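Here's the structure, in C-alpha cells; my notes come after.
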Amino acid sequence: MKFAFDCENEVLLPFLYDFAQEAGDFLKKTGVLEIRKRQPPEGVTAAEQGKENIKEMLKVLCKDHPKEFGALADRLWVLENGEKAPNALATMAKIITSQDVMNFFTSLMQLV
C-alpha cells in the first residue's frame with residue numbers, strides 16, 4: 001500500500017487528474033465549499049462563525065455523505081493484492097501533515 005502522493009510521476013500524475021475531477025464533482029454535489037463562505041450574522045464574530053462553518057462542513061462530509069467521502073479518501077491509496085485502505089481519519093492525518101498535499105487540496109478548492 002502506498003499513499004498516492006508518494007508515488008512516482010507515472011502513477012501520481014494520472015491520479016491527480018482523475019482525482020481532481022472526482023473530488024470537484026463531490027464538492028459540488030455536497031455544497032460543502034459554500035458552507036465555508038457563510039458570513040457571521042450580527043453579534044457573531046468571524047472566529048465563531050468559522051468554527052460553526054467547520055462544524056457544518058464536517059457534518060456534511062461525515063454524517064450526510066460518509067460513504068462517498070470514505071470512498072474518496074480510499075482513492076488516495078494505491079492498493080495491491082486485496083489490501084484495504086486505512087480509515088478516513090488516518091488518511092486525513094496523512095493529508096494535513098504534508099504541505100505539498102495541503103497545497104494540492106487548497107488549489108483544488110479554488111478550481112471548483
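The values are calculated or read from the model by the stated rules, or taken from the named source; none is laboratory data. Remember, it's a predicted structure, so these values are computed and weren't measured experimentally. FYI the Cβ positions are ideal-geometry reconstructions off the backbone, even for glycines, and counts take in every protein chain you see. Protein only, heavy atoms only, side chains kept; ligands, DNA and RNA dropped before computing areas. Shrake-Rupley method; radii C 1.70, N 1.55, O 1.52, S 1.80 Å.
Before moving on, here are some points about what is shown:
- Helices (runs of 4 or more DSSP H) within segment 59-112 that include 1 or more residues touching a residue at least 40 places away in the same chain (Cβ under 8 Å) and open to solvent by 80 Å² or more (accessible area, probe 1.4 Å): 99-111
- Members of segment 29-45 found to be more than 14 Å from the chain's Cα centre (by Cα) and surrounded by 10 or more Cβ atoms within 10 Å (Cβ to Cβ), listed by number: E34, I35, R38, P40, V44
- Evaluation of D100 against the conditions (1) in contact with a Pro (Cβ under 7 Å, 6 or more places away or on another chain); (2) within 23 Å of L13 (Cα to Cα); (3) of a type in the set (D, E, K, R) shows that the sole unmet condition is (1).
- Residue check, F5 touching a residue at least 60 places away in the same chain (Cβ under 8 Å) and closer than 23 Å to Q110 by Cβ: yes
- The set of residues from segment 12-28 being open to solvent by 60 Å² or more (accessible area, probe 1.4 Å) and either of a type outside the set (D, E, K, R) or free of Cβ contacts under 8 Å to residues at least 24 places away in the same chain (or both) comprises L13, P14, Y17, D18, Q21, D25.
- Odd one out for R75 among (1) out of contact with any Asp or Glu (no Cβ under 8 Å at 6 or more places or on another chain); (2) modelled with pLDDT of 90 or more; (3) closer than 14 Å to F5 by Cβ: (1)
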